[in-house]
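All of the numbers you see were taken from the coordinates with simple rules; none came from a lab. Small disclaimer: the values here were computed from a predicted structure and weren't measured. Glycine also receives a Cβ, built like all others from the backbone with ideal geometry; neighbour counts cover every protein chain displayed.
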């Protein structure tokens, strides 16, 4: 598992970016697959989620995750909890309640964990390119502010995701980013394939998130190239495999 420098020393806050190691799933989903959206045995997924929660000193029901849809929708977790499968559809979570884990799943998309330790407010967001472009982390920060967080105190870590040396995109892909801001051209470079580009998702996210006036850094791990450590949707797709495991990243306020 990985801890981000940006969050590691915050009082009263625990976080982890889990690798694919340490679970019970086998084969394609080996081994810490935490996604019910895969074809993995649900009993394995639940045991993997239990193991994740155990690292926080909590139980599996304390882990709140989402049915992620590449949106900018954010939910606030209060005393009312839900279970998975059957979680609500959204891509961000915030809370001010100790003893609940906010979790997001990814397999090349970026997990983003946020905390204002002074206010006792945390957040988690799932940011693929659509969510990143749409501003899912911006809406997560705004939701944290409604709970009392202040931007100048918020610390943000962008976790393992597909890296700039691995994310090849087609000729049409840069257009919405350039329409948003011509300076976003800095996050694209020519690929070896004619007319294609390499996209720097974590670089774009760090730049975009920093505009909110918060402190942010990326862990720098590439999920596609690090085969033994991370699940990767694109890696499996390039190999002709249709399914994939989901890695989990989580944050919690200590009780």
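Quick notes on this structure:
- The alpha carbons of segment 132-255 stretch over 48, 36, 21 Å along the principal axes, in descending order.
- Whole-Å distance, taken between Cα centres, linking segment 118-173 and segment 209-247: 14 Å
- Measuring how big segment 1-142 is from its alpha-carbon positions, Rg and Dmax come out at 14.4, 43 Å.
- For the chain, built as a Gaussian network whose Cα springs stay under 10 Å, the top-fluctuating residue of 105, 198, 144: 198
- If both residues of a DSSP beta bridge must be in segment 151-246, then about 50% of such bridges are antiparallel.
- Here is how the number arises for the chain: DSSP H runs of 4 or more residues each give -39500 (n - 2.57), the sum is divided by the residue count, and the result at 222 nm is -6000 deg cm²/dmol.
- In nm, spacing of pseudo-spin labels at residue 183 and residue 69 (7 Å Cα→C-beta vector): 3.3 nm
- Counting other Cβ atoms within 10 Å as a rough exposure proxy, the listed residues 150, 51 run 150, 51 from fewest neighbours to most.
- Reported value for the chain: 113 Å³ per residue, from the convex hull of its C-alpha atoms.
- Among beta bridges from DSSP that stay inside the chain, the antiparallel ones total about 75%.
- When peptides 201-210, 18-27, 53-62 are ranked by their average number of other Cβ atoms within 10 Å per residue, the highest-first order is 201-210, 18-27, 53-62.
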